[in-house]
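Input: a single structure, listed below in structure tokens.
The values are calculated or read from the model by the stated rules, or taken from the named source; none is laboratory data. Remember, it's a predicted structure, so these values are computed and weren't measured experimentally. FYI the Cβ positions are ideal-geometry reconstructions off the backbone, even for glycines, and counts take in every protein chain you see. Accessible surface areas use protein heavy atoms only, side chains included; no ligands, DNA or RNA. Shrake-Rupley method; radii C 1.70, N 1.55, O 1.52, S 1.80 Å.
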Amino acid sequence: MPQAKLLKELDYSVLQQCMHCGMCLPTCPTYVETKLERNSPRGRISLMRAIADDELEVTRAFSDEMYYCLGCLACQTACPAGVNYAELFETARAEVELAEVNDGMQRGFWRWLSLNVIFMHPWLLRLVGRVLRLYQSTKLDVLMRKLRFFGLMPKSLAALEPQTPRIAEKFSHELILPVESPPGKPKHRVALLTGCVQDLAFSNINRDTADVLLANGCEVITLASQHCCGSLHAHNGELELARELARRQIDSLDLDSLDAIITNAGGCGSHLKGYGHLLHGDPFYAARARVWDTKVKDVHEWLVQTGFRKPAAGAGIDEVTYHESCHLCHGQKVVSQPRQVLASIPGLKFKELPESNWCCGSAGIYNITQPEQSQKLLKRKLENLELAKAPVVATSNPGCHLQLVNGLKACGGHSCHEVTQPVTLLARAYRAEQGC
Ligand code: SF4
Ligand code: SF4
């Protein structure tokens with residue numbers, strides 16, 4: 001059986017921090033589902049510690065447990081001892097991959113294709129996006145559904161088809177110039193990160209983000225070609241690839257010339273703010289990575305921090321509720337700012353969503369790897385959305401956005417019929433001031 005390496009190398013104080021109080025248990029979606037200790041944060045930390053102490057080996061069962069965990073970090077928010085679950089979780093998944101206990105041709109091929117090839121090359125990711133766009137715009141997808149083509153595919157692949165994101169007509173670099181300046185002298189100079197899924201499926205949200213930044217006196221630098229932030233790699237046990245992508249990100253920007261590096265995707269932002277730790281052992285990048293961390297801001301966090309201008313017009317809707325991306329609220333602790341942005345819009349009534357910070361089941365690629373549990377969480381979210389009785393839900397992460405869109409489409413007749421972002425509603429309100 002493979003011996004542990006990475007969990008052993010981890011600072012032992014991180015493994016020791018858990019005092020077994022159990023306060024995280026009611027906040028953990030997988031524990032609440034099964035009531036099994038091993039499916040809880042406390043249970044998982046005990047397993048990790050036992051492996052680091054050579055009391056257990058890295059097995060397939062350990063891997064299954066680590067991949068059943070959503071990585072939602074709700075436990076981290078609940079923990080009075082300040083357990084760094086994010087670091088434990090990423091190290092444990094990397095341990096599993098290093099031990100190769102999950103070997104299997106199909107899994108290995110898809111991981112290699114997505115993590116080592118597509119998400120390492122921005123041009124290739126956009127090429128995949130263009131092919132998908134063509135497939136969707138020519139209605140080939142509709143025809144294939146009519147011909148029941150997907151019934152011929154393996155069940156697991158066929159189940160993914162309805163979840164394929166609708167690819168935007170234009171990507172971010174076709175909507176945003178590399179440098180855009182506000183009227184008058186800029187108050188700030190910021191870089192805008194356009195993301196991967198956000199760029200392919202929600203480039204309009206990137207345009208909205210740039211517009212909101214411009215309306216608040218920022219000069220906006222948006223590189224036409226941007227690397228993946230590496231969060232997908234770090235959360236799936238590929239820490240070396242995540243480090244390589246972090247280095248590429250740092251090299252792509254002149255940090256000294258920027259006041260902030262803006263992200264509008266909760267999952268990416270949470271990872272982007274941790275480059276300092278990810279690269280702490282790299283003599284060439286460690287110091288720059290720490291500077292990088294201080295400059296990364298979620299767009300809502302930045303707007304509130306810099307005293308954004310309240311719009312004078314409405315956003316064209318009356319009521320909204322808000323679903324919190326796990327990595328925005330638990331990972332980045334950005335909780336009140338998106339609500340403040342929504343509350344600033346004239347005529348917009350905010351309705352609090354019950355369990356707004358409970359995971360929607362998207363969790364990176366969890367909806368692909370653990371479809372059953374993902375669907376249970378989505379159902380719970382849709383029920384809560386029904387209780388909120390708002391026609392529009394705002395969220396701030398492309399994964400959550402897609403999960404909610406797919407869920408609302410599948411259930412039909414739901415009282416909520418639009419998924420959007422707080423920053424998009426603010427952009428709409430600013431445009432309404434100009435009569436657009
Ligand atoms: S990250 Fe989420 S699913 Fe995993 S142990 Fe913590 S609360 Fe539970
Ligand atoms: S709340 Fe923190 S200290 Fe308590 S059991 Fe959970 S992880 Fe351990």
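Does E301 count as modelled with pLDDT of 95 or more, of a type outside the set (S, T, N, Q) and outside any helix (DSSP H, G or I)?
Working: modelled with pLDDT of 95 or more: yes; of a type outside the set (S, T, N, Q): yes; outside any helix (DSSP H, G or I): no.
No: the conditions fail for E301.
Report yes if some residue within the range 379-397 is over 26 Å from Q305 (Cβ atoms), under 18 Å from the mean Cα position of the chain (by Cα), at pLDDT 95 or above and open to solvent by less than 60 Å² (accessible area, probe 1.4 Å); otherwise report no. Yes, the conditions are met somewhere in the range 379-397.
Could you list, in sequence order, all residues of the range 1-27 that are over 23 Å from E97 (Cβ atoms) and not polar (S, T, N, Q)? Don't jump to the end; show me each part of the working.
Of all residues in the range 1-27, those over 23 Å from E97 (Cβ atoms) come to 13, 16-27.
Those that are over 23 Å from E97 (Cβ atoms) and not polar (S, T, N, Q): C18, M19, H20, C21, G22, M23, C24, L25, P26.
Scanning the range 51-64 for residues that are over 29 Å from G361 (Cα atoms) and either within 16 Å of ligand 2 (Cβ to nearest atom) or part of a helix (DSSP H, G or I) (or both) gives a single hit, A52. With the requirement that a residue be assigned to a helix (DSSP H, G or I), open to solvent by 10 Å² or more (accessible area, probe 1.4 Å) and of a type outside the set (G, A, S), what does the range 261-277 give you? Once the filter is applied, which keeps residues that are assigned to a helix (DSSP H, G or I), open to solvent by 10 Å² or more (accessible area, probe 1.4 Å) and of a type outside the set (G, A, S), the range 261-277 yields C268, H271, H277. Of everything in the range 15-36 that is away from ligand 1 (no atom under 12 Å from the Cβ) and assigned to a helix (DSSP H, G or I), the residue that is least open to solvent (accessible area, probe 1.4 Å) is L15.
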